[in-house]
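Taking it in order: structure first as structure tokens, then the write-up.
The values are calculated or read from the model by the stated rules, or taken from the named source; none is laboratory data. Fair warning: this is a prediction, and the values are worked out from it, not measured in the lab. Note: ideal-geometry Cβ built from the backbone for every residue, glycine included; neighbour counts use all protein chains shown. Side chains included, ligands, DNA and RNA excluded: accessible areas come from the protein's heavy atoms. Shrake-Rupley method; radii C 1.70, N 1.55, O 1.52, S 1.80 Å.
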Amino acid sequence: MKKLIMTLAITFCFTNIHAQQLAALDSAQYFDFWVGEWTASWDEGSGVQQLGTNSITRSLDDKVIVENFRITGGQSKGFKGMSMSVFQPQTNTWKQAWTDNQGGYFDFTGAFDRDKRMFQTAVVERGDKKIQQRMVFYDITESSMTWDWESSQDGGNTWKLQWRIYYVKLE
């Protein structure tokens, strides 16, 4: 019982400190953690380790975050994608446009849920399905993070994991 109380107290303190830090951030800073050079690794479900890099820089007077993602090893080697993300002060929202070398294009809006930071698409209705996609950044530290690609068939009520990438920042 003593261990449970101590664990709960530590969890509460950490969560409270993290919430205070997040609250202290200006909305325009919510994606600053992402800027840097990253290595990426994941398993596409085949048991084969996939490898990539992601270079995140600032551009246009530091107002735009530019992403350059590359798959450098594994079954999808050669895949390339890029995004541009910008904070829009007039609406207090983040927007992102993604495109890749396979003809993919997504338009995202930023969202936040406690310590998770997300970019998600608008809901698209196809028959009786309300399809939505999102990227979720979490377990964010100065040197690592986890990124999930999730999809929903019911307009965002339930989510299914499609792809999980583990990021490590290069020194």
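Pairs under 7 Å by beta carbon, first residue open to solvent by 80 Å² or more (accessible area, probe 1.4 Å) in the stretch 126-146, partner at pLDDT below 95, six or more apart or different chains?
Going by the 7 Å Cβ cut-off, the qualifying pairs are Lys130/Gly155.
Looking at the stretch 29-41, can you tell me whether even one residue there is surrounded by fewer than 16 Cβ atoms within 10 Å (Cβ to Cβ) and under 27 Å from Gly156 (Cβ atoms)?
Yes, the stretch 29-41 contains at least one residue that is surrounded by fewer than 16 Cβ atoms within 10 Å (Cβ to Cβ) and under 27 Å from Gly156 (Cβ atoms).
Within the stretch 57-70, can you find the residues that are over 15 Å from Ala97 (Cβ atoms) and modelled with pLDDT of 95 or more?
Residues satisfying the conditions are Thr57, Arg58, Arg70.
Scan Gln102, Gln133 and give me the residue that is outside any strand (DSSP E or B) and either at positive phi or not hydrophobic (A, V, I, L, M, F, W, C) (or both).
Result: Gln102 is the single residue among Gln102, Gln133 that is outside any strand (DSSP E or B) and either at positive phi or not hydrophobic (A, V, I, L, M, F, W, C) (or both).
Of the residues Gly103, Gly74, which single one is modelled with pLDDT of 95 or more, open to solvent by less than 80 Å² (accessible area, probe 1.4 Å) and over 15 Å from the mean Cα position of the chain (by Cα)?
Answer to the selection: Gly103.
One line per residue, one yes/no per condition, for (1) without any contact (Cβ under 8 Å) to a residue 60 or more places away in the chain; (2) of a type in the set (Val, Ile, Thr); (3) in contact with a helix residue (DSSP H, G or I) (Cβ under 8 Å, 6 or more places away or on another chain); (4) on the phi > 0 side of the Ramachandran plot:
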position: Trp38; (1), (2), (3), (4): no, no, no, no
position: Ile56; (1), (2), (3), (4): yes, yes, yes, no
position: Ala97; (1), (2), (3), (4): yes, no, no, no
position: Thr109; (1), (2), (3), (4): yes, yes, no, no
position: Gln120; (1), (2), (3), (4): yes, no, no, no
position: Val124; (1), (2), (3), (4): yes, yes, no, no
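Take the conditions modelled with pLDDT under 95 and closer than 22 Å to Leu161 by Cα and apply them to Ser46. Does it pass?
Values: modelled with pLDDT under 95: yes; closer than 22 Å to Leu161 by Cα: yes.
So Ser46 passes the test.
Pick out the one residue from Gln88, Gln120 that is over 22 Å from Tyr166 (Cα atoms), at pLDDT 90 or above and surrounded by 12 or more Cβ atoms within 10 Å (Cβ to Cβ).
Result: Gln88 is the single residue among Gln88, Gln120 that is over 22 Å from Tyr166 (Cα atoms), at pLDDT 90 or above and surrounded by 12 or more Cβ atoms within 10 Å (Cβ to Cβ).
All but one of (1) farther than 22 Å from Ser143 by Cα; (2) open to solvent by 80 Å² or more (accessible area, probe 1.4 Å) hold for Gln49, so report the exception by its number.
Among (1) farther than 22 Å from Ser143 by Cα; (2) open to solvent by 80 Å² or more (accessible area, probe 1.4 Å), the lone unmet condition for Gln49 is (1).
Within the set of pairs 6+ apart or on separate chains, which have a first residue in the stretch 69-95 that is touching a residue at least 24 places away in the same chain (Cβ under 8 Å), a second that is open to solvent by 80 Å² or more (accessible area, probe 1.4 Å) and outside any strand (DSSP E or B), and C-beta atoms under 6 Å apart?
From the stretch 69-95, no pairs qualify.
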